[in-house]
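Comments concern the structure below.
The values are calculated or read from the model by the stated rules, or taken from the named source; none is laboratory data. These figures come from a predicted structure and were not determined experimentally. Here Cβ is always computed from backbone atoms with ideal geometry, including for glycine, and neighbour counts include all displayed protein chains. Surface accessibility is based on the protein's heavy atoms, side chains included, excluding ligands, DNA and RNA. Shrake-Rupley method; radii C 1.70, N 1.55, O 1.52, S 1.80 Å.
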Amino acid sequence: MNFYESISVFYDDIFPLTDAKLNFSKKDLSVPAVILDIGCSTGSLAQALGKAGYQVHAVDKSPTMIRLARCNHNHENAHYATMDMMAIDQYFPEDHFDRILCLGNTLVHLPDEQALLRFLKKVKSLLKPDGEFRIQMIHYDMIMRRDTLGLPAIETPGLKFSRIYQTREDGRINFNTTLHLKDDDKILENTIPLIPLMKATLEGLLLEAGFTDLQVFGGFDQSPLKDNSIPFVCIAK
């Protein structure tokens, strides 16, 4: 069982939808715009956007996440599909979306920079001429300044989710997690490799893919990006 399959039923408890995330996703976007949510997980954001009047296509590589989305976060305006993010151009037409979202550290699951560039070109082709691509991930410039960095644990009455990022010799980074389920004292440990996508690298790839007017922030509230910011947020037009 892979990382996301193992935590899927606890995902909404670990990463609940926040007003800040929802507001960032729909800010300055008129209803009824068409949105693509890439890496939608359990669909809580897609459902909220659907309720707000947007037409949302939400995709995730995990069949379990999509089943949970259809079961728990179903709305007539939210359409879910199991899909590899590299296949989006095979299922959706060009110039179709007003906004494309890739949140929740999804982007860095691609294997290398070449794949990232191909993906960004696909995203651009699916956006309308005045469309926007909105990204949120971890601020890897901050992560890579240290060999090992523990992010703040996420704790609820029923669980504790601990996170460690650790560098690798091949240039990628391991995301090591421990999920402690308090009721039955069960522990789930996982490791998944990610690309430590630095700010300058991402900006260069976005420009090469044809995006312009790049803006970067230190959170969904669009506060300034600082050296110690944990989130990294980007808007590309």
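Here are a few things to note about the model shown:
- Residues that are open to solvent by 60 Å² or more (accessible area, probe 1.4 Å) and not β-branched (Val, Ile, Thr), drawn from the stretch 27-39: Lys27, Asp28, Ser30, Pro32
- Per the listing Gln215, Gln136, the residue uniquely surrounded by fewer than 16 Cβ atoms within 10 Å (Cβ to Cβ), under 18 Å from the mean Cα position of the chain (by Cα) and within 22 Å of Lys21 (Cβ to Cβ) is Gln215.
- Conditions (1) under 17 Å from Met137 (Cβ atoms); (2) in contact with a His (Cβ under 9 Å, 6 or more places away or on another chain); (3) of a type outside the set (Ser, Thr, Tyr); (4) open to solvent by less than 10 Å² (accessible area, probe 1.4 Å); number of the one not met by Leu101: (2)
- Filter result for the condition that a residue is modelled with pLDDT of 95 or more and either touching a helix residue (DSSP H, G or I) at 6+ places or on another chain (Cβ under 6 Å) or open to solvent by 70 Å² or more (accessible area, probe 1.4 Å) (or both), over Lys160, Lys128: Lys160
- Inter-residue pairs, beta-carbon under 8 Å, first touching a residue at least 60 places away in the same chain (Cβ under 8 Å) and among the small types (Gly, Ala, Ser) and in the stretch 97-113, second open to solvent by 40 Å² or more (accessible area, probe 1.4 Å) and outside any strand (DSSP E or B), 6+ apart: Gly104/Phe15
- In the stretch 139-157, of all residues being touching a residue at least 40 places away in the same chain (Cβ under 8 Å) and open to solvent by less than 30 Å² (accessible area, probe 1.4 Å), the one that is nearest to Met198 (Cα to Cα) corresponds to Tyr140.
- Residues located in the stretch 33-46, provided they are without any contact (Cβ under 8 Å) to a residue 40 or more places away in the chain and either of a type in the set (Gly, Ala, Ser) or over 20 Å from Ile7 (Cα atoms) (or both): Gly43, Ser44, Ala46
- Residue within the stretch 15-22 that is part of a helix (DSSP H, G or I), open to solvent by less than 60 Å² (accessible area, probe 1.4 Å), at pLDDT 95 or above and over 27 Å from Thr191 (Cα atoms) present: yes
- Residues in the stretch 40-81 that are assigned to a loop (DSSP other than H, G, I, E, B), surrounded by fewer than 22 Cβ atoms within 10 Å (Cβ to Cβ) and of a type outside the set (Lys, Arg): 7 in all.
- Unique match (being outside any loop (DSSP other than H, G, I, E, B), β-branched (Val, Ile, Thr) and over 13 Å from the mean Cα position of the chain (by Cα)) among Val9, Val31: Val9
- The single condition from (1) in a strand (DSSP E or B); (2) open to solvent by 50 Å² or more (accessible area, probe 1.4 Å); (3) at pLDDT 95 or above; (4) of a type outside the set (Phe, Trp, Tyr) that Ile187 fails is (3).
- Of the residues making up the stretch 191-212, just one is touching a strand residue (DSSP E or B) at 6+ places or on another chain (Cβ under 9 Å), open to solvent by 30 Å² or more (accessible area, probe 1.4 Å) and either of a type in the set (Phe, Trp, Tyr) or farther than 22 Å from His139 by Cβ (or both), namely Thr212.
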